[in-house]
Every structure is written in structure tokens, then in C-alpha cells.
1. Anything in the stretch B:354-408 that is in contact with a Leu (Cβ under 9 Å, 6 or more places away or on another chain) and open to solvent by 50 Å² or more (accessible area, probe 1.4 Å)? List them, or say none.
2. Would the stretch A:217-228 turn up any residue that is of a type in the set (Val, Ile, Thr) and away from every other protein chain (no Cβ under 13 Å)?
3. Give A:379, A:339 a once-over and let me know the one that is among the charged types (D, E, K, R) and in contact with a His (Cβ under 6 Å, 6 or more places away or on another chain).
4. Check A:399, A:362 and return the single one that is within 22 Å of residue A:301 (Cα to Cα) and more than 10 Å from chain B (Cβ to nearest Cβ).
5. Tell me whether the stretch B:372-380 contains one or more residues that are at pLDDT 95 or above and in contact with a Gly (Cβ under 6 Å, 6 or more places away or on another chain).
6. So residue A:176 clears everything in (1) farther than 19 Å from residue A:402 by Cα; (2) at pLDDT 95 or above; (3) crowded, with 18+ Cβ neighbours inside 10 Å except one condition, right? Which one?
7. Mind checking which residues of the stretch A:377-419 are part of a helix (DSSP H, G or I) and either touching a Lys or Arg at 6+ places or on another chain (Cβ under 7 Å) or under 29 Å from residue B:180 (Cβ atoms) (or both)?
8. Looking at (1) part of a strand (DSSP E or B); (2) farther than 24 Å from residue B:397 by Cα; (3) away from chain A (no Cβ under 14 Å), can you tell me which one residue B:190 breaks?
2 protein chains.
Amino acid sequence: MRDEREAPAEPAREQARPRLIGRGPAARARPLLSPTAIGPVNRGRVLQALFDLGPTSRAELARYAGVNRTTISGIVQPLLDQGVLVEGAPLPAAVTGGKPARPLWFSPDAAPICAAMLMPHMAHTALVSLTGEIFAENVCRFDPDPASAGPLIDGLADCLARTLAAAGRPPLGIGVAVGGMVDTDSNTIVAVNLAPVLARYPLGQELGRRFRLPVSIDHHPRAMLLGERWFGIGRGLRTFAAIYTGEVLGCALYLDGHLYRGPGGGGGELGHTFVQLDGELCRCGRRGCWETIATLGWLRREARAAGLPQPDAVTSSRLAELAVAGDTAAARLMDRYARNVAVGIANLHQTMSPEVYVLYGDVVGGGTAMRDAIARHVRELVPPRPGRELTFALGDIEDRATLRGAAGLVLSENLQFAL
Amino acid sequence: MRDEREAPAEPAREQARPRLIGRGPAARARPLLSPTAIGPVNRGRVLQALFDLGPTSRAELARYAGVNRTTISGIVQPLLDQGVLVEGAPLPAAVTGGKPARPLWFSPDAAPICAAMLMPHMAHTALVSLTGEIFAENVCRFDPDPASAGPLIDGLADCLARTLAAAGRPPLGIGVAVGGMVDTDSNTIVAVNLAPVLARYPLGQELGRRFRLPVSIDHHPRAMLLGERWFGIGRGLRTFAAIYTGEVLGCALYLDGHLYRGPGGGGGELGHTFVQLDGELCRCGRRGCWETIATLGWLRREARAAGLPQPDAVTSSRLAELAVAGDTAAARLMDRYARNVAVGIANLHQTMSPEVYVLYGDVVGGGTAMRDAIARHVRELVPPRPGRELTFALGDIEDRATLRGAAGLVLSENLQFAL
DNA sequence: CATGGTATGTGCGAGCCTCGAACATAGCAC
DNA sequence: GTGCTATGTTCGAGGCTCGCACATACCATG
């Protein structure tokens with residue numbers, strides 16, 4: 001345990017340095033800006049703006065970014081020459097006249113991104129174009145309970161190799177969304193439930209060695225969030241959250257224009273926050289975690305208690321069907337489930353107050369009815385704050401969202417120059 | 001209510017723009033960098049580094065920031081000429097020889113910052129030097145339950161005027177820490193408990209008009225956090241949290257090198273997150289908020305139930321005294337209180353995982369015993385994450401921390417060019 | 001069909017800022 | 001005194017954006 005010091009009572013400054021806490025010896029300031037750094041940064045920001053706006057002319061981009069048109073031309077021209085961008089057909093001019101604008105957009109022939117999801121029981125790989133299309137998909141299933149990480153990694157690598165073979169040109173990089181804890185500083189898997197052999201596996205390094213491409217890995221809710229940020233509802237938003245529901249709960253945050261990764265890639269482990277201190281025993285050994293009331297485990301126990309048919313196969317999707325068919329017990333259970341999910345979202349909202357929540361996993365099966373129920377409960381559970389609104393959206397189906405998210409990892413690495 | 005859309009199933013891009021959610025018409029990209037912008041940004045970062053490191057030579061700053069020595073000289077020279085910085089006595093050279101370094105530090109004659117705290121019952125103003133010293137303090141008390149905002153604002157303004165009269169040169173600006181909700185976009189008070197007349201008062205604008213100085217306002221936990229970031233334990237940390245306890249709970253977050261302010265200045269309202277869904281009724285009308293178990297209200301009710309003397313005057317400080325004196329009931333209550341405080345911190349930790357927590361308000365009175373108890377409970381309530389450590393620190397006494405924090409608001413405005 | 005109006009995209013020189021190399025400075029050790 | 005080391009400064013080179021002027025392309029009107 002590190003020493004725990006108190007703020008001094010004496011005038012602060014004399015021995016300023018010894019009082020610093022928690023800084024490694026290699027601590028570095030945020031680097032200063034240099035004229036040469038401007039280029040890549042601005043190129044990244046222009047491309048971000050393109051993602052956020054869709055096909056856009058140079059003049060429009062200049063207005064959006066608040067810079068001179070010539071600046072945009074200078075940034076964009078090399079990208080056109082390299083074939084990253086293409087110039088679309090001239091748009092009809094506005095009624096007021098003027099030279100018609102030529103929108104810029106990503107070339108279908110630009111380098112794609114190789115995306116992968118790695119789950120305990122399967123791997124799924126694909127190429128993702130800069131326009132968000134998914135192609136060259138490959139899937140492989142793993143034996144349950146493998147004795148070592150080898151077979152899983154080999155399976156994933158085979159899948160990746162097949163997918164990469166379909167790429168016309170070398171992709172920008174490989175992004176992997178992992179169904180478990182990931183240390184994003186070291187590109188290493190920390191632990192995967194149901195696949196303990198993957199604990200501490202240096203996945204980034206290993207894939208980089210095999211394929212000679214930059215590799216970005218992260219855990220899967222964060223990847224989904226980035227998929228949304230680059231290709232989905234998150235485009236142009238400054239602050240939003242992704243919530244994954246199902247057997248477990250997951251969460252990721254986009255705050256103030258940046259994916260939030262806590263120290264060592266922590267943060268977002270909302271499933272084990274307390275919502276009922278003396279509640280049910282959780283898998284983590286504590287009582288009353290959000291996971292004890294907002295996962296499929298809870299739902300199925302309650303479905304059995306309510307006498308629903310096939311309680312162990314109940315999902316939000318099934319509940320919604322039953323409710324539509326007039327099963328009032330199912331409708332009641334669905335509402336209670338929605339409220340339980342809403343509790344965790346409400347707590348998150350009080351803590352960080354993002355503007356938009358994107359829901360993934362099981363609750364997506366419940367459709368708009370489920371989404372609206374969750375939204376209603378969250379609004380009821382959060383003290384009103386005048387002028388602030390809340391938006392709830394249903395995310396893509398799981399694999400699609402995750403693959404796009406894995407691609408988003410690579411994009412973020414390439415475009416979001418930290419500064 | 002805003003419409004709530006789903007991610008489309010078709011290839012994403014064609015009608016990209018209509019799908020954007022939650023963007024005002026004036027949405028702007030992060031601005032591009034320009035050569036002229038580099039100057040102020042780098043100056044700000046060098047000054048930040050000075051705050052973080054204490055008195056430091058040009059060469060050391062250059063190493064820390066990873067830039068050429070000449071660059072630092074170029075940035076620092078104008079600041080020396082203006083009298084913001086001064087060159088200290090040459091430090092003895094290292095054993096290995098070399099020209100002795102001349103550390104740079106803030107001049108005692110540099111422009112100070114005018115800091116204020118505005119609470120329902122009082123105002124407290126002071127000048128804060130760039131070295132963190134507090135002087136020219138003034139205090140005024142308000143009548144309870146005033147009929148209008150006028151007298152409160154006049155009282156604050158009088159206080160400010162007296163403090164400003166003591167300043168040798170015009171201060172950098174006025175920072176105000178407000179004991180209530182603040183909209184930092186509009187520099188307006190949203191609401192203050194116990195002083196409803198201040199609701200929606202445009203404090204920033206009014207003080208700017210009266211004193212012709214830049215004004216920054218924010219709610220007081222966030223100010224305290226910034227005080228720590230610039231003058232205290234937070235120097236050089238990338239991610240930490242401030243937790244205020246007492247009659248109410250407050251919280252502020254410094255994430256990845258930035259103060260977190262949610263949309264419209266929201267976020268950090270941890271007091272009304274649920275920790276016991278069927279718990280006590282909270283002032284907010286909901287049940288089981290953290291505030292129902294981790295404030296002085298709870299503590300005093302329990303003190304009465306435990307038969308402690310003068311239960312309505314119990315504080316952490318008093319509890320600690322009793323416990324030291326051998327009162328086991330007090331010791332037990334103190335531990336329960338510490339655990340209740342720890343619950344909210346544990347939830348925050350799961351959500352954002354900051355490295356360091358600085359505690360303010362009532363629990364500071366409980367001293368290291370209280371801090372250690374809270375630390376122990378948090379560590380017990382959070383699933384372990386290998387390699388991550390948690391640090392707990394006691395903050396300054398309240399007014400001091402808050403005034404420095406108010407000064408920190410102005411510094412952040414001046415130095416932390418958003419970018 | 002010619003003309004004026006409007007908006008887009010492109011050269012060109014100016015200005016800002018950092019960088020590297022070379023140099024002056026100031027202490028230590030022998 | 002001589003060599004060594006590290007700090008701080010001088011100066012020219014290079015990267016990037018900006019404003020201005022200009023070519024281009026379409027509309028509306030008479």
C-alpha cells in the first residue's frame with residue numbers, strides 16, 4: 001500500500017515535489033505542440049469531421065472546423081492523391097447560386113480495417129471499410145474448457161488469416177474486441193470469464209508478431225461504444241454511454257470527445273456497483289451488486305417464480321412476445337426488469353450525466369417497448385435537471401456492433417491523436 | 001422528449017447526417033490547430049508543468065516536456081520579462097559537474113487571483129497568489145432566508161471589493177465556488193439549497209459587470225478538486241476524485257488530465273445514487289440514496305439510537321475523540337459511518353477507477369483514523385484488480401480548500417486551453 | 001444571350017513557432 | 001591551467017495556417 005498523506009497546513013509550495021503522489025518516475029507532461037505535429041493532428045480532425053458529417057465539401061468542412069478553405073484543401077489533397085478519399089458528383093447549387101460543391105467521402109478502395117471479436121466460445125473476424133460496411137466475415141468455434149491458450153489463439157489467427165486474404169490492400173490495422181478484462185496499456189488480456197487460460201495473455205503483441213500489423217485490443221463494451229462513435233449513433237456526440245446487458249453487465253463511456261479508459265484500462269465495471277447493500281449474493285462475493293438484479297440470471301429466476309413457460313430460456317425478446325400476446329405476468333416481469341436495468345443507468349447518470357445511452361445485448365431483443373420502459377424508469381429515478389434531456393437508443397445486433405467497434409479501436413488509434 | 005432512434009440495419013452511411021442525435025445547430029468540431037494557437041497552448045502547458053513540479057530549471061522543463069531547451073527559453077523569457085516568473089538562486093551543480101541550473105518559479109509580485117466562496121449563510125473572499133498563499137481575506141454573513149438575491153450579492157460584492165482593494169495589481173480574474181448547482185456553460189447558478197432566491201441567478205455576468213474582470217464560477221466540490229490539482233495533492237495526477245461529506249455529499253472528478261464537467265455542468269451528483277433500493281426515504285423523494293446513509297443526518301440519528309451524549313452535535317471529529325477515549329459505541333458507529341461513506345466511493349471506483357481520493361468536509365475531522373477506516377472499507381468493497389492501488393488523502397480544512405479551489409477555477413480557465 | 005451575383009476551390013507570400021547546430025557560460029575534478 | 005559536463009542563448013531552416021487575389025461554375029434577371 002502506498003503512503004497516504006494529508007494536505008499540508010503550511011504554505012504550499014516550498015517542498016512541492018516530494019508531495020506528489022502516484023507518479024511513476026517516467027512521468028511526462030502532456031507533450032508540447034510543435035509545428036510538425038499540427039499536420040497529422042489536423043488531418044485526423046478533418047477525417048473525424050468527415051465521419052461525423054458524412055460526405056461533405058471542402059468549403060463546408062472549413063466552416064465546420066472554423067478554418068480557411070485553403071487549409072482544408074491542403075489537408076485533403078494528399079488524401080485524394082493516396083486514394084483514401086474520393087470526390088463525389090457535384091451537388092446541385094443552392095437556390096442562391098454559386099459554384100456547386102463537390103462532396104468528399106471515403107473511397108471504397110481505401111485500406112479497410114481488420115476487425116475481430118474474441119469470446120470464450122468463438123471468434124468472429126471481418127473487414128470493415130471506412131464507410132462502415134462489413135465483409136469477408138469468418139467465424140470459428142472453440143472447444144469449451146481448453147487446456148491452454150494455444151488453440152484459441154490459433155483459431156483466432158486462422159480466422160484472421162482468411163479474412164486478411166480477402167483484403168485488396170493491407171488494412172490499417174487489426175482491432176480486437178475481447179469478451180473480458182483488458183489492460184489497454186500493455187495490450188494484454190487480464191482475464192476472461194469462462195476462459196481462464198487467456199488470463200494475462202499478451203494478445204496484442206502476439207497478433208502483431210504474426211501479422212505484422214498494428215493491433216489494438218480492448219474489452220467489448222468499449223469497442224461497441226467506439227463502433228457507435230465512428231459508424232453509428234455516436235457520431236458527433238461529445239458525451240454518451242454504451243450499456244451492455246445479458247448474462248453480465250458492461251458499460252463504456254465517451255466523455256467530452258474521448259473514450260474513457262481509467263488507469264490501466266479500468267473503469268466502467270458498473271455491474272459490481274451496489275444498489276441494494278443487503279441484497280442477493282453476487283458472483284463476486286459481495287451483496288447487492290447491480291448484476292444481481294439486472295442480468296438474465298435474475299430474469300430467469302423471476303420468470304420461474306412467476307410461472308412463465310420455459311423460464312430458463314426467457315429473454316427480453318421472449319418476454320416482449322409474451323407481453324404482446326397478452327400475458328400480463330410477462331408484461332409485469334418485463335417492466336420490473338426494465339426498472340432494474342434503469343437503476344444502474346440512473347446511478348451512472350447521476351455520476352457522469354451523458355446525453356445519450358445506447359443499449360446492447362439482451363434488452364435489444366425487447367425492442368422499442370423495452371427501450372421505452374427503461375427510458376421511463378430512468379427518468380423517474382433521476383432527479384430532474386432543468387433543460388437536460390435524455391436519449392435512449394437501441395444498438396446494433398451484437399456481432400455487427402462488436403465488429404464495427406473493433407474497427408473503431410483502430411480508427412481511434414489512427415485519428416484521435418491524444419495531444 | 002426527443003425522438004429515440006435505433007441503429008439502422010442497412011449499410012450505414014448513405015443518410016448519415018439525419019441520424020445524428022443531440023447536436024445543436026451550432027455544433028462545431030474540435031477546432032483545428034494553427035501555428036498561432038501553438039504559442040498560448042504551449043505556454044499554458046509549461047506553466048502547468050511548473051505547478052506540477054515546483055521550481056524547475058529550463059533544462060529540466062525541456063526534458064519533462066520532451067522538447068528542445070531553446071523552446072522552453074523562448075516560452076519562458078516573456079514571462080520573466082512580465083514579472084510572472086522569477087529566476088531563483090543557482091542550484092549547486094550535480095557531482096558530475098556542469099553549469100548550475102537556475103530554477104524558475106512564480107514571482108510573489110505576479111498578479112494574484114481573486115477567490116470567493118458563496119454559501120447560503122456566508123461569503124468568504126481572499127486573494128490567492130500563484131504560489132498558493134491566501135491573503136487579504138474577508139468574510140460576511142447573510143441573514144437567513146432573505147427575500148431576494150440582492151442582499152446576498154451585495155454582501156459578496158462588498159467582500160470582493162475589500163479584498164480587491166488589497167491587491168497590488170489587477171488579479172487574473174475572479175473565481176467563485178458556490179454551495180449549490182451551477183451551470184458552467186452560462187456561468188449561472190441553477191439552485192442553492194437553503195437559499196432559493198439565488199436560483200437561476202446570472203452570477204458570472206453580474207460580477208463581471210461590477211468588477212470588469214473575467215469571472216469563473218462552479219459548484220464547490222469541483223472547485224475544491226481544482227484547488228488540489230493546482231496547489232495540492234492533485235498536482236501531476238492524471239485521474240483523481242474529490243469527495244465532500246457533511247450535511248450533504250458532493251463529488252468531483254479529474255479524468256485523464258481534465259476536470260470533468262458533464263453537459264451543462266452536470267455530473268458528480270453522487271449523493272443521489274441508489275445504494276439500497278428499499279432504504280430510507282431521501283430528501284429528493286426517492287429511497288436509498290447514498291445521502292441517506294453517509295451524511296451527518298444519518299450519523300446523528302444513529303448516535304441517538306446508540307445513546308451517545310449530545311447526539312445532535314455529533315461529528316466525525318467528536319466520534320474520533322470519544323473513540324480514542326475508549327467509548328466502544330462511538331468506535332463502532334464511526335466504523336459503520338466509514339463503511340457507509342466507503343460504499344459510495346466503491347461505486348464511484350467501479351465506475352471510473354480514479355487513482356486517488358481526496359476527502360473533504362466532516363470526515364476530515366475524524367483524522368487519519370477515519371481516513372484509514374474508509375480506505376479499508378473501500379478496498380474490501382471493490383473487487384480487486386491486480387496492479388492497481390488506491391490512495392486516500394485528507395484534504396485541507398474547508399474554507400482554505402475552497403478558496404484555493406476558486407482560484408483554481410481561474411487558473412484552469414487561463415491555462416488549460418481546451419483543445 | 002449577356003450581365004451581375006454568389007459560392008467553391010486554388011496559387012502565393014507573410015507570419016508564427018519549434019528544431020538542430022553551434023556557441024558562450026559556469027561549475028567540478030585533477 | 002586543462003578537460004569535462006551541463007545550462008542557457010543565437011541563428012537559420014522548415015512546417016503549417018492565413019489572408020488575398022483569382023479562376024471557375026452555376027443561378028437569376030432583363
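1. B:368, B:379
2. Initial filter on the stretch A:217-228 (of a type in the set (Val, Ile, Thr)): A:217.
Narrowing the set further to residues that are away from every other protein chain (no Cβ under 13 Å) leaves A:217.
Among the residues of the stretch A:217-228, at least one is of a type in the set (Val, Ile, Thr) and away from every other protein chain (no Cβ under 13 Å), which makes the answer yes.
3. Details: A:379 fails: in contact with a His (Cβ under 6 Å, 6 or more places away or on another chain).
The match here is A:339.
4. Details: A:399 fails: within 22 Å of residue A:301 (Cα to Cα).
The conditions single out A:362.
5. no
6. Condition (1) is where residue A:176 drops out.
7. Taking the stretch A:377-419 as the starting set, the residues that turn out to be part of a helix (DSSP H, G or I) are A:377-381, A:398-415.
Residues satisfying the conditions are A:377, A:378, A:379, A:380, A:381, A:408.
8. With respect to (1) part of a strand (DSSP E or B); (2) farther than 24 Å from residue B:397 by Cα; (3) away from chain A (no Cβ under 14 Å), residue B:190 is out only on (3).
The values are calculated or read from the model by the stated rules, or taken from the named source; none is laboratory data. Keep in mind that this is a model prediction, so the values were computed, not measured. So basically every Cβ, Gly included, is an ideal-geometry build from the backbone, and we count neighbours across all protein chains shown. Calculation scope for accessible area: heavy atoms of the full protein, side chains included, ligands and nucleic acids excluded. Shrake-Rupley method; radii C 1.70, N 1.55, O 1.52, S 1.80 Å.
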